[in-house]
Structures are given as structure tokens and as C-alpha cells.
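Okay, so here's the structure we're looking at.
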Amino acid sequence: MSEGHEPEKAEAKDELKAGPFGQFLEEHGIPSRRLPDSCGVETIELDGKHLEAAMKRLRNSHEIALNFLVSVAGVDSPETYDSVYHLWSYSNLNELVVKVRVPKASVPEDRLPLVPSLAPFWPAANWHERETYDLVGIRYVGHPYLRRILNPWDWEGHPLRRDYKQLVDALNDKNQFSMR
Amino acid sequence: MSETDAKIPSGASESVPVSIPEELKDTVTLTTLDKAIELLSSAVDPVANWARSNSVWPLTFGTSCCAIEMMCVGMSAFDISRFGSEVFRATPRQADLIITAGTITRKMAPALVTLYEQLPEPKYVIAMGACTVTGGMFNDSYSVVQGVDRLIPVDVYLPGCPPRPEGILDALLKLQQKIRTESLAERRKRAYRQRAVRYVDYDTGRPVEDLVAEARMETAEALAEATGYALDHQVRKV
Ligand code: SF4
């Protein structure tokens with residue numbers, strides 16, 4: 001994380017105390033930051049380098065047992081690229097949202113933001129990560145087959161990015177008042 | 001020698017319609033055969049068209065919600081078989097009609113073109129639903145083709161989101177009218193120019209035309225470089 005993020009981090013820590021999942025991670029020596037709850041579900045932010053360890057702990061521990069990866073999604077926020085993971089526990093019937101945020105300033109031009117992949121140890125993430133790569137353009141490091149999954153293989157750009165501009169060609173020039 | 005060689009790639013790409021030279025005009029050619037067929041067809045057409053219009057077999061082609069209505073029209077409540085279209089064929093080679101029931105995305109487009117090209121002539125298309133007429137409510141989407149008429153020629157447009165089964169029957173009746181009134185010559189005139197059945201190279205996912213053009217350009221470049229006529233290519237590289 002860049003220097004500019006540190007003060008903001010400290011402030012937020014004062015505001016929001018770590019929830020049960022954040023405390024659990026802290027007990028195991030994994031730092032996390034609590035974000036405002038999303039729809040009443042605890043939301044934490046992790047650093048990319050702790051992601052794999054944290055996910056393995058959350059999945060394998062007996063009392064937490066967040067062993068169902070509901071989805072991997074991507075968000076193009078104004079300042080950051082977020083990779084969002086939803087975890088669900090069938091034994092405890094509770095939920096956790098994990099975010100890995102890559103500041104846009106740290107991503108060089110013509111490069112994609114890098115986030116470690118879960119696919120090698122959690123196969124459910126495989127297609128979700130491909131989809132996120134396809135539509136939002138987050139490169140998952142360590143993914144076994146990071147190719148486009150929904151769009152044709154030769155698509156240019158990532159359609160759900162804020163700066164995405166689609167070329168107008170013979171297949172989509174009917175609507176002159178398009179919002180594109 | 002080098003000049004003529006370099007010209008081959010660009011010149012060969014245009015296909016010129018064959019014209020019959022003057023000295024061969026009085027021999028029996030395909031055109032005279034065609035004339036005979038046309039004469040015959042004025043007698044045969046009414047019967048053939050009547051038979052054809054009463055056995056329009058659709059292809060099972062449904063890409064989204066409109067397909068539900070298409071299934072409905074095949075079931076007993078609406079029963080499309082009253083009009084001779086009872087058999088939904090699962091292969092284009094046995095069908096006469098595509099009812100494009102559902103949104104066509106850019107990824108689906110090459111598949112639709114391939115299916116259409118595999119239909120035997122005479123072939124007909126009903127563009128069913130707002131999506132296949134204009135793109136419908138996904139008009140603005142990055143992935144949707146704004147109407148199948150951007151890909152294949154359409155005979156009957158059937159708007160609605162989705163159209164009622166009665167609408168499909170109406171479109172079918174309109175198509176039957178069209179089939180009954182057209183002659184062989186008319187059909188020939190609007191015949192679809194076959195591009196290639198393998199429109200897309202399935203290994204690379206790219207249009208064959210593009211691959212061929214690329215190969216041609218590389219050949220031209222190699223030729224030009226070998227013979228020293230490389231000026232404009234060098235400029236492009238810089
Ligand atoms: S026209 Fe409406 S019903 Fe038909 S495919 Fe499009 S969205 Fe679905």
C-alpha cells in the first residue's frame with residue numbers, strides 16, 4: 001500500500017473495531033482492516049500478500065468454517081480496483097466479505113492490477129477469477145488459466161471499467177443516442 | 001519481376017463476376033439453361049411454392065427468453081403444426097427457417113452465421129423479439145448485436161418482448177404468403193452470397209478472411225524487403 005493510505009487507515013481503525021472475523025484473523029497474526037458493514041455483513045480489507053493465508057485459515061478452522069466461496073467479484077472504484085470475496089459458512093450460517101484493494105495510483109499504465117489467485121487451492125474461484133479478469137481487468141497472479149471467459153477471446157479492453165469506450169462498428173451502430 | 005510479384009496479393013483479393021466473351025455467346029451455356037429453367041419455373045412455381053409454404057420447418061434455435069414463447073407455440077395449446085411447421089429440426093441441414101428467438105451476442109454471432117449458411121436454399125429468417133430486431137433493451141450493451149439483420153438477411157420482423165405465440169403464428173403466415181408469391185428469379189436475385197461455411201477459424205477464433213489478409217500482407221512485405229522496395233514498409237515500422 002502507498003504512503004498516502006496510512007493516515008486514513010489509522011482513522012478508520014479508531015472508528016471501527018475489529019469484528020469477530022477480524023479478531024480471529026488477528027489472533028493468527030494476520031492484520032486486517034474493518035470496513036463499514038455491507039448489508040449487515042462484516043466486511044474486512046486485507047493486504048494482497050496476506051490473502052492466501054487468511055483464506056486458508058478462514059476455510060479450515062473448525063469454529064469459523066467459512067468454507068463456501070460464494071463469489072469473487074471486481075469493482076472499479078474511483079480510487080481503487082477492488083477484488084471482493086464473499087464467504088459463507090453453512091455450519092454457522094454467517095457470512096464475511098473480504099476485499100483486496102489495489103490503489104489505482106500504484107498501477108502503471110498499460111498494466112493490470114495484480115491480486116494473488118485463490119484458484120490453486122480453492123477451485124471454486126477459478127471461473128469467478130476468469131470472469132473478473134475478463135470484465136474488470138484484474139490479473140490474478142498464479143491462476144492456472146487466466147483467459148477471457150464471457151467475451152470472445154479477442155476482445156479489446158475490459159467492459160466494466162469506468163474508462164471503457166467501445167468502438168462503434170457494423171454490429172452496433174443502429175442506436176445513435178446510445179449512452180456508450 | 002519483383003513488381004508483378006508484389007502486386008499479386010493485392011490484386012487477387014477481388015472476385016470479379018464472370019462475363020461471357022463475345023465469341024462464346026451462341027454456344028449453349030449455363031445462362032441458356034437458366035432461361036429454360038426460368039420458363040419452366042413459371043409453370044412449376046405455383047405448385048412448388050404451395051408445397052414449400054406449407055412445410056416450413058424451423059430450426060431449434062433459442063438463445064434467451066423468446067425461446068420460451070417459441071416452445072409454447074410448438075405445444076398443443078397453439079400448435080404450430082396446424083400450419084405445417086410441426087417439426088423443429090435440431091440440425092440446420094434439415095430446416096428451412098430460423099426463428100431467431102433471443103438476444104444475439106457478439107460471441108454468438110459467428111455461430112449464427114455458420115448455422116444460417118448451413119441451411120439449404122431456399123432459406124428464411126424470422127427475426128423474433130425486440131432483441132433480434134434492434135437489440136431491444138440491451139441496445140446499449142457492450143456485448144449485444146443490434147439486430148440480426150446486421151448478420152443475415154431477414155424476411156419477417158416480429159417485434160415484441162416477447163411476442164405472443166399468436167404473433168409467431170402471424171409471422172409464419174406472413175412468411176407463407178411471401179413464399180407463395182415469389183418466383184425462382186426473385187429468389188435468385190436476393191440470394192445470400194455464401195461467405196464460407198467456416199467463417200471463423202475455430203483454432204484462433206478469428207475470421208478466415210482476416211487470417212488470409214494477414215498472410216498476404218506478410219508475403220508482400222517479405223517480397224518487398226527481399227527486392228529492396230521496402231521504403232513505405234520501413235516508414236510504417238518506425
Ligand atoms: S425480445 Fe424480450 S423476451 Fe425476447 S429475447 Fe429479448 S428480452 Fe427476451
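What to note about this one:
- Karplus-derived 3J(HN,Hα), 6.51/-1.76/1.60, for each residue of segment A:135-149, Hz, glycine and proline x: 8, 10, x, 10, 8, 8, 6, x, 5, x, 8, 8, 10, 4, 10
- Amide H within-cut-off set for residue B:97, under 5 Å, with H built and near neighbours excluded: B:57, B:59, B:124
- Segment A:124-164: chymotrypsin sites (Phe, Trp or Tyr not before Pro) falling in loop per DSSP and having at most 10 other Cβ within 10 Å: A:145
- Chymotrypsin sites (Phe, Trp or Tyr not before Pro) restricted to segment A:20-91 and DSSP loop, no more than 12 other C-beta within 10 Å: A:90
- Length gained on full extension, residue A:105 to residue A:35: 23.1 nm, using 0.36 nm per residue less the C-alpha separation.
- For chain A, the relative contact order comes to 14 percent (Cα pairs under 8 Å, sequence separation of at least 6).
- Within segment B:147-190: backbone nitrogen closer than 15 Å to the residue B:38 label point (7 Å, Cα to C-beta): B:183-190
- Ranking of A:47, B:149 by count of other Cβ atoms within 10 Å, fewest first: A:47, B:149
- Residue separation of residue A:70 and residue A:147 scaled by 0.36 nm, minus their Cα-Cα distance, works out to 25.6 nm of gained length.
- Residue B:210-residue A:176 pseudo-label distance in nm [points 7 Å out on the Cα-to-Cβ vector]: 2.9
- Exposure proxy ranking for A:72, B:144, based on other Cβ atoms within 10 angstrom of each Cβ and starting from the fewest, stands as B:144, A:72.
- Distant-in-sequence amide H partners of residue A:94 (H built 1.01 Å from N, under 5 Å): A:89
- Residue-wise HN-Hα coupling along segment A:72-85, computed from phi with Karplus coefficients 6.51, -1.76, 1.60 (Hz; x: Gly, Pro): 10, 10, x, 10, 9, 7, x, 9, 9, 9, 9, 10, 10, 10
- Cβ charges +1 (Lys, Arg) and -1 (Asp, Glu), total dipole of segment B:58-179, debye: 200
- With at most 15 neighbouring Cβ atoms within 10 Å, loop GluC sites (Glu not before Pro) (DSSP) excluded, longest segment of chain A: A:1-62
- When segment A:14-141 is described by a simple charge dipole with +1 on each Lys and Arg Cβ and -1 on each Asp and Glu Cβ, the residue from A:43, A:87, A:123 located farthest towards its positive end is A:123.
- Average beta-carbon neighbours from other chains, 10 Å sphere, peptide B:140-147: 6
- Across peptide A:162-170, the average count of Cβ atoms from other chains found within 10 Å of a residue's Cβ is 1.
- Summarising the label geometry, the points placed 7 Å from Cα in the beta-carbon direction at residue B:174 and residue B:71 lie 2.6 nm from one another.
- For chain A, calculated [θ]222 nm from helices alone, where every DSSP H run of n ≥ 4 adds -39500 (n - 2.57): -6500 deg cm²/dmol
Rule-based calculations on the coordinates, nothing more; no lab input. Remember, it's a predicted structure, so these values are computed and weren't measured experimentally. Positions of Cβ are backbone-derived with ideal geometry, glycine not excepted, and every protein chain shown enters the neighbour counts.
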